[in-house]
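Okay, so here's the structure we're looking at.
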Amino acid sequence: MEAHRQKLIDDVRRAIADKSTETDILQAAVELIDAFSDNFDWTGFYMLKDGVLKVGPYIGPPTPHTVIELNAGLCGAAASQRQSIVVDDVNADPRFLACSVTTRSEIVVPLLDADTVLGEIDIDSNEPGHFTEQDRVMLEAVAQVVVERLKTAR
Ligand code: SME
């Protein structure tokens, strides 16, 4: 992995090591993830609670989608499939729920503890096709770091 990508993973691990609540862990992580790229235009967490995805800490414009059902949106799809989803052109994907009219591409990476979905990282970009394979691999590693910390904090 390129050094600046590995650095994000290491920075997140370090930043959340001394955080003890879920909100503090996710807030520290989201700040670092969002700062990784000027083209991350909405960066946030959704957490699976009571069978629905509830918005957690995020950086970006307010979203109308504070609660997302598992059968709705790209967020619901990633959580129910337990797989990352990368969409190069959100306007061509019928599953897309718009947070902002300027969004052109999106990545959703589940927070997986084995087969259990704890939540997900969701990032929108105003650039079409912004998210690369390297971004996906990096964010999946960040997700694992966050999951390991959440497990010990709980
Ligand atoms: N685009 C997401 C909804 C969340 S907002 O982008 C913050 C979706 O399609 O599920």
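Per-residue ellipticity at 222 nm, computed for the chain from helices alone with -39500 (n - 2.57) per DSSP H run of at least four residues, works out to -12000 deg cm²/dmol.
Grab the Cα-Cα distance for GLN134 and LYS7, subtract it from 0.36 nm times how many residues apart they are, and report the gain in nm with one decimal.
That pair, GLN134 and LYS7, stretches by 44.4 nm at full extension.
Using a simple spin-label model with pseudo-atoms 7 Å out from Cα toward Cβ, THR116 and THR152 lie 1.8 nm apart.
Cα gyration tensor of the chain, axes a ≥ b ≥ c as square roots of the eigenvalues: rounded (a/c below 1.5), prolate (a/b > b/c) or oblate?
Details: a/c = 1.58, a/b = 1.20, b/c = 1.32.
Cα axes put the chain in the oblate bin.
Please identify the DSSP H helices in the chain that span no less than 15 Å along the helix axis (Cα) and have a mean Kyte-Doolittle hydropathy of -0.5 or more.
On the way: long enough: 3-16 (20 Å, -0.75); 22-35 (20 Å, 0.57); 133-153 (30 Å, 0.06).
TM-like helix candidates: 22-35, 133-153.
For region 90-154, the solvent-accessible area of protein heavy atoms averages 43 Å² per residue (probe radius 1.4 Å; ligands and nucleic acids excluded).
Express in nm, to one decimal, how much length is gained between ASP50 and VAL67 on full extension, taking 0.36 nm for each residue of separation and deducting their alpha carbon distance.
Numbers: separation 17, 0.36 × 17 = 6.12 nm, distance 1.08 nm.
Separation in residues times 0.36 nm, less the Cα-Cα distance, equals 5.0 nm.
Specify whether the C-alpha gyration tensor of region 43-107 places it in the rounded, prolate or oblate class, a ≥ b ≥ c being the square roots of the eigenvalues: rounded for a/c under 1.5, otherwise prolate if a/b is larger than b/c and oblate if not. It comes out oblate by the Cα gyration axes.
Return the carbon/sulfur percentage of the accessible area of region 3-153, one whole number, probe 1.4 Å, all protein chains in place. Present the calculation step by step, with values, prior to reporting the outcome.
Working: 3410 of 6900 Å².
Of all accessible area on region 3-153, carbon and sulfur atoms account for 49 percent.
Solvent exposure of region 28-69 amounts to 44 Å² per residue of accessible area, where only protein heavy atoms count and the probe is 1.4 Å.
The values are calculated or read from the model by the stated rules, or taken from the named source; none is laboratory data. Just so we're clear, the structure is a prediction, and the values are computed from it rather than from any experiment. Quick reminder, even Gly has a Cβ in these numbers, built from the backbone with ideal geometry, and neighbours come from all protein chains shown. The protein model used for the area step is the full one, side chains on, heavy atoms only, and it has no ligands, DNA or RNA in it. Shrake-Rupley method; radii C 1.70, N 1.55, O 1.52, S 1.80 Å.
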